[in-house]
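Engineer: Questions regarding the structure given below will be posed in turn.
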Amino acid sequence: MFIGLATAVAASACYGTGSVLQALGAKRSAARESARAEDGAETASAVTGHGGPSLSSTAKAVVTWAFIVGTVLDAVGFALGALAAKLLPLFLSQTVISANLVVTAVLGIWVLGVRLVRPEWVSVGVVCVALVMLAGAAGHEGEGRVPISAHWWLLGVSALLVAVGLATVRLLGPRAAIPAGLLSGLGFGAVGVGVRMLNGTEPFNLRDLVGDPALYAIALAGLGGMYFHTVALQIGSINGATAALVVGETVVPGILGVLWLGDASRAGFAWLAFIGFVLAVAGAVAVAWYGNPGVPAKQKPGEKLAPTART
């Protein structure tokens, strides 16, 4: 249990730091696009017809140094998170990993100049308390053995998630930040579920591993999650996008872990696990709600709005 918790905490730190660096790269890329627009340079490819970031603009954000370093940290976090999903119940491992919301919020103050309002601080505190409750209530993890048909279902759902996500991001345009964050969380949640049911890992068997549909579901959902997370960071608040990711990454995998994979709480502590789970999700939703950039209430005639420090 201790090794699993330590692994999940390390994954959370990597994910949180990586998100801040990715947001820094995305915002710098967006600033360069804006500068080209002011200079009259060609920018038609920067946005879709609905005003959202195009694939080319997202690709430009991906190749900034900050985004590359953040992606490396994400890769390390992914590996640590996969190990944590093997060692802990999903409702605990995914929730602890999702505590990267706290890391993101704190580092965002220093690196991105993000200003947190009091309700955001309270919400972050609620998430922290919920994590302690979950850690105290967690019991054994299930074996993760399900019929092979479930592996195919996971692959199909992952493909559908990516297809629906691409359409949603395109149609909503600049309003897609929170939906994109939620979609990225669902993708990363699918990765956690896939890791738990993956064949050919214990003991290692390359033929079983390569022949398992869950392996390709993990790859597809992981890539989709990365893309939607990048889009969310390009057009929205880093705290709001990360909080939406937390909800998607925590709720569905946690429920599937209990109902499908055999995860359980300690005897007599199911109530504590339930309350902790609800508080963690509610706190993340509150951060997403309060993390949306607001519109200044007052503006003097002829005065230009000052750029907000919130990202």
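Engineer: Just to check your reading of the model, which residue among Ser237, Ser265 is at pLDDT below 85 and over 23 Å from Val124 (Cβ atoms)?
Structural biologist: Ser265
Engineer: Right, here's the next one. Taking the stated definitions as given, is Ala217 farther than 20 Å from Gly18 by Cα and touching a residue at least 60 places away in the same chain (Cβ under 8 Å)?
Structural biologist: Answer is yes for this residue.
Engineer: Specify the residue that is nearest to Pro213 (Cα to Cα); the eligible residues are those in the range 157-203 that are crowded, with 22+ Cβ neighbours inside 10 Å and among the polar types (S, T, N, Q).
Structural biologist: Looking at residues that are crowded, with 22+ Cβ neighbours inside 10 Å and among the polar types (S, T, N, Q), I get Ser158.
Yes/no matrix, rows are residues, columns are (1) farther than 20 Å from Ala23 by Cα; (2) part of a helix (DSSP H, G or I); (3) touching a residue at least 60 places away in the same chain (Cβ under 8 Å); (4) of a type in the set (Asp, Glu):
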{"site": "Gly222", "(1), (2), (3), (4)": "no, yes, yes, no"}
{"site": "Gly225", "(1), (2), (3), (4)": "no, yes, no, no"}
{"site": "Ala241", "(1), (2), (3), (4)": "no, yes, yes, no"}
{"site": "Leu245", "(1), (2), (3), (4)": "no, yes, yes, no"}
{"site": "Gly248", "(1), (2), (3), (4)": "no, yes, yes, no"}
{"site": "Ala273", "(1), (2), (3), (4)": "yes, yes, yes, no"}
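Engineer: May I pose another question? Yes or no: the range 173-182 includes at least one residue that is under 27 Å from Met133 (Cβ atoms) and aliphatic (A, V, I, L, M).
Structural biologist: Yes; the residues of the range 173-182 include at least one that is under 27 Å from Met133 (Cβ atoms) and aliphatic (A, V, I, L, M).
Engineer: For a quick check of your reading of the model, give me the residue pairs whose first member lies in the range 179-206 and is farther than 15 Å from Val146 by Cα, whose second is aromatic (Phe, Trp, Tyr) and crowded, with 24+ Cβ neighbours inside 10 Å, with beta-carbon atoms closer than 7 Å and at least 6 apart or on different chains.
Structural biologist: What qualifies is Ala180/Phe228; Leu183/Phe228; Ser184/Phe228; Gly187/Phe228.
Engineer: Report, by residue number, each residue of the range 83-97 that is farther than 14 Å from Gly18 by Cβ and buried (at least 24 other Cβ atoms within 10 Å of the Cβ).
Structural biologist: Ala84, Ala85, Leu88, Pro89, Leu90, Phe91, Leu92, Ser93, Gln94, Thr95, Val96
Engineer: Which residue is surrounded by the most Cβ atoms within 10 Å (Cβ to Cβ), if the candidates are limited to the range 1-12 and must be under 21 Å from Ser184 (Cα atoms) and more than 13 Å from the chain's Cα centre (by Cα)?
Structural biologist: Once the filter is applied, the top-ranked residue is Ala8.
Engineer: Which ranges mark the helices (runs of 4 or more DSSP H) fully within the range 68-171 that have 3 or more residues being under 16 Å from Val251 (Cα atoms)?
Structural biologist: Of the helices (runs of 4 or more DSSP H) lying wholly inside the range 68-171, those with at least 3 residues that are under 16 Å from Val251 (Cα atoms) span 90-97, 118-137.
Listed here are the residues, each with its yes/no results for (1) modelled with pLDDT of 70 or more; (2) closer than 18 Å to Thr242 by Cα.
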residue: Ala6; (1), (2): yes, no
residue: Tyr15; (1), (2): yes, yes
residue: Ala31; (1), (2): no, no
residue: Gly81; (1), (2): yes, yes
residue: Leu88; (1), (2): yes, no
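Engineer: So, one more: Looking at (1) within 26 Å of Asp212 (Cα to Cα); (2) modelled with pLDDT under 85, can you tell me which one Leu101 breaks?
Structural biologist: All conditions pass for Leu101, except number (1).
Engineer: Which count do you get for residues in the range 98-119 that are among the hydrophobic types (A, V, I, L, M, F, W, C) and buried (at least 24 other Cβ atoms within 10 Å of the Cβ)?
Structural biologist: Residues meeting the conditions: 3.
Engineer: Failed condition for Ala232, given (1) crowded, with 24+ Cβ neighbours inside 10 Å; (2) modelled with pLDDT under 80; (3) closer than 21 Å to Val281 by Cβ; (4) not charged (D, E, K, R), with all others met?
Structural biologist: Going through the list (1) crowded, with 24+ Cβ neighbours inside 10 Å; (2) modelled with pLDDT under 80; (3) closer than 21 Å to Val281 by Cβ; (4) not charged (D, E, K, R), Ala232 breaks only (2).
Engineer: Within the range 173-204, work out how many residues are of a type in the set (A, V, I, L, M), more than 18 Å from Asp263 (Cα to Cα) and in a helix (DSSP H, G or I).
Structural biologist: Within the range 173-204, residues that are of a type in the set (A, V, I, L, M), more than 18 Å from Asp263 (Cα to Cα) and in a helix (DSSP H, G or I) number 6.
Engineer: Is it true that some residue in the range 141-150 is within 25 Å of Gly224 (Cβ to Cβ), surrounded by 15 or more Cβ atoms within 10 Å (Cβ to Cβ) and free of Cβ contacts under 8 Å to residues at least 24 places away in the same chain?
Structural biologist: Checked the range 141-150: no residue is within 25 Å of Gly224 (Cβ to Cβ), surrounded by 15 or more Cβ atoms within 10 Å (Cβ to Cβ) and free of Cβ contacts under 8 Å to residues at least 24 places away in the same chain.
Engineer: While we're here: Tell me which of these Gly262 doesn't satisfy, since it passes every other one: (1) at negative phi; (2) touching a residue at least 12 places away in the same chain (Cβ under 8 Å).
Structural biologist: Looking at each condition in turn, Gly262 falls short on (1).
Engineer: What single numbered condition from (1) over 23 Å from Gly77 (Cα atoms); (2) surrounded by fewer than 24 Cβ atoms within 10 Å (Cβ to Cβ) fails to hold for Val252?
Structural biologist: (1)
The values are calculated or read from the model by the stated rules, or taken from the named source; none is laboratory data. The structure displayed is predicted, hence computed values, not measured ones. Because the Cβ atoms are built from the backbone with ideal geometry, glycine has one as well, and the counts that use them run over all protein chains shown.
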